[in-house]
Every structure is written in C-alpha cells, then in structure tokens.
Amino acid sequence: MEVDTNQIDTAPKWRSLIRDFKWLIAMSLIIAICAGVMYASMFNGGLSTDNGDWGAFGDFMGGVLNPIFGFTGLMALLLTISMQSEELSNSTKELRNSADALKEQSESLKRQNFENTFFQLIRLHNDIVSDIDLIATHVNRATKGRDCFTVFFKRLEREYKKAEPAKVGLRDIIESSFLKVYRESEGDLSHYFRNLYSLLRFVDEGGGAKEDKQFYVRIIRSQLSIYEIGMLFYNGLYGEGRDKFKPLIERHALFDNLDSSILINGDIYSDIYSLGAFSNGSTGTTGNALPSVNVACDTA
C-alpha cells in the first residue's frame, strides 16, 4: 500500500514545542522567585509593616514579572493557534485523501460495471451469430453461425453479377443487390446489425479515454469474420446504416482488418468511407483506392 506523505506523524513537532513552552514557564517562575528574594533582601530578610513598602514591592514585582508572564501568555496563545491550525490542515488533508480514495473507488466501480455490461453484450453478439441458420431445401443442407455470412456475401456477389452486364450505375447495382439479400434475411441481419451498432455505441459513449475505446473496439473486431466485415461494409452505405452506423465505423476504425480484396468493385467506394474507418487516428479520405489488408491492418 502506498504511504501518503500528507499523513506524516507531527507528534514529535508538538512535543518539542510543548517542551520549549515548559522551559519558558520554568524560567518565568525562577525569575519570579529571584525577584522576590532580591526584594526581601532589601528589608534585611524581614517583613515590613509599612504600607508604602508593600506598595513599592508590588510595583517592583509587577514591573519585573508582568512583561515575562505577558510574553509567556502570548507564546501560549500562539502555540494554541498553531496547533489548531495544524490540526485543521491535517483534517483537510485527510478529507481530501478520503475524497480522492472515494473518487478512485467510484471510477474503479464504474469501469467494472462498464466492462461487465460490455462483455455481456459481446456474449449476446456471439449468441445472435450462433442462432443464425440458413436452410437450403433443394439440397437439404443447413448452414449455421458465422458460416451464414459467407453465404450472404456469396448471394450478394451473385445478385451483382446478374445485373453487371447492364453497366449502368455500379453503385446503384450494388445497392439494389445488397438490399435484396438483406430483405431476404432481414430477420437475422437486422437483429445482428442493430446489436452490433448498440455494442459499438456503448463503447463510444462510455468507453473512457481514447486508448481504452481502441482496446474495446479491438475486442469487437476480433469477434468479426472476414465476411461479417464485408456485409458490414455495405450495410454502412445505405439507409440507417449510413446515417447512424457509418460515423461510428469511421470514428473507431472498425474496418482496420478489412480484406479489401473481397469487396465488389471496391475502388468505387474510395471516396465514401474516411481513412478513420480503416486506421486509428487517420483523417481525410481514402484517395484512389481502399487500403489493403496487408498494409493498413493490425491484429485485433
């Protein structure tokens, strides 16, 4: 446990001051006794019955002792004020340390609650993926889990190739192909994209510092297969995906491990996603080509 230098024991300091104060009182008493002895010697060791002599004795003792006892009282007052000030300062430091400890405890609890919720959402994401299944009735074959995204992407490619000979509006062709695949499996894909959006937004709003958010986003990216990222790439170009999901993708480099070789005519999207979607800390646009997975990726 780290020792707080603000809580150093100040008892030796006060013991020294009190010892000095006791010496001051003792010296005052000694001086008072000496003054009495000196005055008594003026009467040759006897007591006078003359009121004038006693008045003179009182004036003498007052003149000698009043400054001494006044100085002693002043020192006692200053010592008391100094001790009270030190005690108040120590109390303030203790309260500040307690407040800092409570703040650290609160931050730790907040981080713990965030991470508990985050990993529950990760688990929910994987459960959603595991629950996706596709049944090919004509061949009596079932596809489950992440393998379904390979099927979704292959369907997208087939739909695009059907319309490609028209050579009219490549972006429009890809959009219509994606939306057709999406609507055919909307029950699975809409649930999947909504949950993934909620997960990324949760990190964006409560993930803490930039470095912490990057750490959590790397965990999210590590859950995504190549074809999940491919489908997510096109989902971010249309409808609500463009309006809500795309800004988060660009802010948190969700395509940092995108294999651009799987994209359909990927070069025609070079001006749509900013570089921030592909690499942390980047700004601007991608220029003439999307970054290659071999050049612009880190390991999630």
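The numbers here are math on the coordinates, done by the rules we state, and not lab data. Owing to the predicted nature of the structure, the values given are computational and were not obtained by experimental measurement. In this analysis, Cβ positions are derived from the backbone assuming ideal geometry, glycine residues included, and neighbour counts consider all displayed protein chains.
Overview of results
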| item | result |
| --- | --- |
| Rel. contact order, % - alpha carbon contacts under 8 angstrom, at least six apart, the range 103-162 | 20 |
| Karplus-derived HN-Hα couplings along the range 222-235 (A = 6.51, B = -1.76, C = 1.60, θ = phi - 60°), whole Hz, x at Gly and Pro | 5, 7, 9, 7, 4, 7, 4, 5, x, 5, 5, 4, 7, 5 |
| Net charge, ARG111 excluded, C-beta distance under 12 Å - Lys, Arg +1, Asp, Glu -1 | -3 |
| Cα gyration tensor category, rounded, prolate or oblate, for the range 102-149 with a/c compared to 1.5 | prolate |
| Where labels lie 7 Å past Cα in the beta-carbon direction, separation of ASP147 and ILE33 in nm | 10.6 |
| Relative contact order, percent, the range 217-278 [alpha-carbon distance under 8 Å, six or more residues apart] | 37 |
| Protection-proxy order for peptides 221-229, 109-117, each taking the mean of Cβ atoms within 10 Å per residue, highest first | 221-229, 109-117 |
| Residues ASP100 and ARG123, FRET efficiency given R0 of 35 Å [Cβ-Cβ distance, rounded to 0.05] | 0.50 |
| Given charges at Cβ of Lys, Arg, Asp, Glu: the range 80-148 dipole, positive-most of ILE132, ASN116, SER91 | ILE132 |
| Net lengthening on full extension, ASP131/ASP259 (0.36 nm per residue, minus Cα-Cα) | 43.5 nm |
| The range 245-258 - phi-based ³J(HN,Hα) in whole Hz, Karplus 6.51/-1.76/1.60, Gly and Pro as x | 6, 4, x, 5, 4, 6, 6, 10, 6, 5, 9, 4, 10, 6 |
| Total formal charge among the other residues, if their Cβ is under 13 angstrom from that of ASP259, Lys/Arg +1 and Asp/Glu -1 | -1 |
| Too-long pairs where the Cα-Cα distance tops 26 Å, listed order kept, from LYS213/LYS246; LYS93/LYS213; LYS210/LYS246; LYS180/LYS213; LYS144/LYS180; LYS180/LYS210 | LYS93/LYS213; LYS180/LYS213; LYS180/LYS210 |
| Student exercise, the range 92-152 dipole from Lys, Arg, Asp, Glu Cβ charges, in Debye to nearest 20 | 60 |
